[in-house]
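Inspection log for the structure reproduced underneath, given as structure tokens.
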Amino acid sequence: MSPAPNYRIDKAAVRIEFTPGEFSELHLTASYTLENYGISVLPFIDVMLPNDTRYRIRNLLVKVNGQTVNSAQGLEGSPEAQASKFRVPFEPGWNPRERRDLAIEYNFSAQDGAEKSGALAAASFYLISPGWLPALQPPSHVLSSTPAIPDRTAYSVEVPADFLVLASGKPRGRKKDRGTVKYQFELRKNDLAPYVIAGRYVETPSSRQKNGVSFWTFEPLKGDPAGVEKQIASVSDILQKTFGPLEKNTSGVRVVESSVDSSDVTSEPETVPFPAGVLVSSQAMAAGIESPSFSKLISGALARSWFANISGPDSPIGISEGLAEYAEIVVDETLEGQTSQRDLVSRFLQEYESGCKEAVEKPLISTTMQDPIEQRRIALAKAPLFFMALEDAYGEEPVRRGLTQVLALLRGQKVGYPDIRAALESVTNKDLAPMFRVWVYKTGIPDEFRQKYGGAKAGND
């Protein structure tokens, strides 16, 4: 028993069904068996739905013990990160030691101009960004904790029979039924956060080696993939040796053509990383896979994919983006040498200096994707420099080993600066408080770092 109001998730299962058509949709059913292990009767619990500006949620249905309940809804947060919170009432109240079955169903899709991570078209869909599942909230009490999740969660993805499906977790088979196929997966507590990529793709097989590369394209692949496949496999090998494998269920690297073209929506990037893979726009694919620019584009995105699943919408930008930029520096240094590393550091310094002329810098600890773009620009340049400064102060090998521990121990969880500091302190046996205080909690860049890499004084001290 917990001395405060608390409940846990004993069982969980998620079902995703794709409905093709002019306005294709996904239907999601999330089923939970919950146990009240606190000391209080719970009259209700709260649940957060996915970001309302990214997904259009409709036909919400909530059931408790098989009975439909009326749930009160309201929007929370800024317009950019707006989520819909609803309340699930219990009548009668939920007593300690009792279990309740909760089922949440809704249809959802991506609006025009939404992020590619939620892109949905007649021939494909992608669920990559954290936050596409309902999130059960803890009771409103200072000692209440986020509901513990079960050791295993069952996931199923039902799609047309000619779709390919890639998802996190361990594959548990598939079943065919009247032109559809249900793919089944089992996600364990320490696996990567759930993601799904599916579509009517043509697969260009890899060499079937451990770090082989597969291309998923809407039309048969044009050109010889041998050169870019070798380059991508090399980058994957560097990342695995430096930061450890993403998960044991990952088999090779996949480059997947996106149904949303970067030319269609100005905010759409050419690539979007997902664990051990990259979504790439049709426009970039059409430019030719044999070109050096394509290889560079995919390699950079793959480096970012190693840290693509450890942050949420409200995470500090130095975690969500800074670690990914740092991984790119590591790859470039390994492939091109120290000169490339110094060039990249100098470039980030220049971007930082330029950004400080346009806006007032905020500390890394408090800068998120919700801040104005001018302040984000400063943090995006400073964050990878912070990780390079850690290498300078404590050594390349210990810092990278500490980050490997973060990925291994906090797999599928949201990571913050305290987690990184704790991991690095355990590896280096040093107090990193002064370093984090100067770089993360204050503004500006230390003069000694500027002098080493040739940067001029600027910023807000």
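Some points to look at:
- Ligands, DNA and RNA excluded, the heavy atoms of Arg152 present near 120 Å² of accessible surface to a 1.4 Å solvent probe.
- Coarse-grained scattering of the stretch 364-415 at q = 0.13, 0.17, 0.25 Å⁻¹, given as base-10 log I(q)/I(0) from a Debye sum over alpha-carbon atoms: -0.43, -0.69, -0.96
- Distance histogram for the stretch 326-426 (every C-alpha pair counted, 5 angstrom bins, percent rounded to whole numbers): 2, 12, 19, 21, 19, 17, 9, 1
- Surface share of carbon and sulfur [accessible, 1.4 angstrom probe, percent] for the chain: 49 percent
- Cα-derived Rg to Rh of the chain, Kirkwood definition: 0.97
- When Arg400, Arg347, Arg304 are compared by accessible area of protein heavy atoms, the largest-first order is Arg347, Arg304, Arg400, using a 1.4 Å probe.
- The residues of the chain expose, per residue, 45 Å² of accessible area to a 1.4 Å probe.
- With the helix formula -39500 (n - 2.57) applied to DSSP H stretches of n ≥ 4, the chain reaches a computed 222 nm mean residue ellipticity of -9000 deg cm²/dmol.
- Take Phe215: with every protein chain present and a 1.4 Å probe, its accessible area is about 0 Å².
- For the residues Ile128, Ile39, a 1.4 Å probe over the protein chains yields an accessible-area ranking, largest first, of Ile39, Ile128.
- Sequence of Val330, Val69 from largest to smallest accessible area, 1.4 Å probe: Val69, Val330
- Percent of C-alpha pairs per 5 Å bin, the stretch 126-229, short to long: 2, 10, 14, 17, 18, 14, 10, 5, 4, 3, 1, 1
- For Thr180, solvent-accessible area (1.4 Å; no DNA, RNA or ligand), Å²: 40 Å²
- The stretch 158-208: C-alpha gyration tensor shape, a/c 1.5 cut-off, then a/b vs b/c: oblate
The values are calculated or read from the model by the stated rules, or taken from the named source; none is laboratory data. Note that the structure is a prediction, hence the values are computed from the model and not measured. These accessible areas exclude ligands, DNA and RNA; they are computed on the full protein's heavy atoms, side chains included. Shrake-Rupley method; radii C 1.70, N 1.55, O 1.52, S 1.80 Å.
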